[in-house]
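Laboratory data are not the source of any read-out in this text; all were calculated from the coordinates shown. All figures in this text were calculated on a predicted structure; none of them were measured in a lab. Because the Cβ atoms are built from the backbone with ideal geometry, glycine has one as well, and the counts that use them run over all protein chains shown.
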Amino acid sequence: MILYRSSKGQWVGTQRDAQRYFPKDWEQVDVPVSKEYLIEFLNVHKVGATQTEQQQPVVVAPDPEQIDPEAYGWVSWAYETLKRGDKQEALKMLERGLSKQKELQNV
């Protein structure tokens with residue numbers, strides 16, 4: 001597989017994009033095609049990374065046992081109501097569920 005890289009470390013997937021975005025400032029790079037080596041290559045060469053990329057905090061899903069069952073019920077009901085097309089009623093139910101969960105977190 002072939003990718004194209006500018007001297008500033010920017011990557012594109014086609015020669016046409018390289019010519020358009022990095023006129024006379026790009027090189028062709030052979031990239032491995034096996035999944036294992038491709039992932040390693042992309043990580044080593046930071047393909048797709050932005051120059052101002054900062055470490056993002058890892059967001060961990062809340063423990064399901066800490067979700068108030070009543071809040072879960074309201075939110076589930078709101079989702080089903082929204083699927084039926086009753087947006088106003090779904091919004092009311094969703095607000096109730098979220099307020100129940102907020103109460104749990106404030107305790």
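The stretch between Lys83 and Met1, if pulled fully straight at 0.36 nm per residue, gains 25.2 nm over its current Cα-Cα span.
In this structure, Glu36 and Lys8 have a Cβ-Cβ separation that, at R0 = 25 Å, corresponds to a calculated FRET efficiency of about 0.35.
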